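First up is the structure itself, then whatever we jot down about it.
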Amino acid sequence: GDSVTQMEGPVTLSEEAFLTINCTYTATGYPSLFWYVQYPGEGLQLLLKATKADDKGSNKGFEATYRKETTSFHLEKGSVQVSDSAVYFCALSGRLGGYQKVTFGTGTKLQVIP
Amino acid sequence: DSGVTQTPKHLITATGQRVTLRCSPRSGDLSVYWYQQSLDQGLQFLIQYYNGEERAKGNILERFSAQQFPDLHSELNLSSLELGDSALYFCASSGGTGSSYNSPLHFGNGTRLTVT
């Protein structure tokens, strides 16, 4: 079945450091890939997405590229801020039978210190 | 604002009791998903509905049940509660129709359940 593997956290970075959170996936067909972010006390919200191979999703300075050859969708940001401290979830979505199937990774907690 | 409404925000109850969590999906979304998030932050998929029909089941205990009503709101019923059921319960919705098998999920802010 489908699966998503994320790097384990927590990840602790200083402000303005470069961020990479690794995500790899296993899936049949041609899924779409997503990054969601969960700030403390809130639900998950969509950060960015990519729907086909070589697509790059971007939002709020974050980027991720859909790499079919390496089955990866790593999240990057050039300069993190304290306000980026949150839990980040990688996810894939596709079709199973007649309905949408969504698979989440386990989440990676990011802590940015001033 | 995701457009997904969950009530109540907090619930404190005793072991052995039964509670009902409610979710109103984003306007126009036909699919509803329920997730449980424990303190170690992982998201456990419980169950999925599409337009009133159950479509997929995850790690949902037999003590738990859910349904989606004709107006598309959904309820998650938790019975014979145990201490280990204390967690955040999230509802999410998506379009999920036709070619939109890749629609993003829209999450509510969750219901925090504490079983004492």
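Bear in mind these aren't lab numbers, they're just calculated from the coordinates by the rules spelled out. All values derive from a computational prediction rather than experimental measurement. Note: ideal-geometry Cβ built from the backbone for every residue, glycine included; neighbour counts use all protein chains shown.
Annotations for the structure displayed:
- Share of pairwise Cα separations in the stretch A:10-77, more than 13 Å, in percent: 66 percent
- Residues A:Leu44, B:Leu21, B:Leu83 arranged by fewest to most Cβ contacts within 10 Å: B:Leu83, B:Leu21, A:Leu44
- Anisotropy class of the protein assembly as shown from Cα gyration tensor, a/c 1.5 cut: oblate
- Spatial separation of Cα centroids for the stretch B:22-37 and the stretch A:26-63, in angstrom: 19 Å
- Here the spin labels are modelled as points 7 Å beyond Cα on the Cα-Cβ line, and at B:Glu62 and A:Tyr30 they lie 4.4 nm apart.
- Total formal charge among the other residues, if their Cβ is under 10 angstrom from that of A:Leu96, Lys/Arg +1 and Asp/Glu -1: +2
- The stretch A:1-37 residues near the modelled A:Ile113 label - backbone nitrogen below 15 Å, point 7 Å along Cα→Cβ: A:10-17
- Each peptide in A:30-36, A:70-76, B:60-66 gets a packing score, the mean of other Cβ atoms within 10 Å over its residues, and the list from highest to lowest is A:30-36, A:70-76, B:60-66.
- Inter-label distance, A:Val82 to A:Arg67: 3.3 nm, where each label sits 7 Å from its Cα along the C-beta direction.
- With both labels modelled 7 Å from their Cα along Cα-to-Cβ, the B:His73 to B:His10 distance reads 2.3 nm.
- Neighbour net charge for A:Ala64 - beta-carbon separation under 11 angstrom, K R +1, D E -1: +1
- Pairs of lysine residues in chain A that meet both criteria, 8 or more places apart or on different chains and Cα atoms under 14 Å apart, total 5.
- Hydrodynamic radius of chain A per Kirkwood, over alpha carbon pairs, in Å: 14.2 Å
- For A:Val82, the shell of other residues with beta-carbons less than 15 Å away shows a net charge of 0, using +1 for Lys and Arg and -1 for Asp and Glu.
- For chain B, the Rg and Dmax computed from alpha carbons only, in angstrom: 13.6, 45
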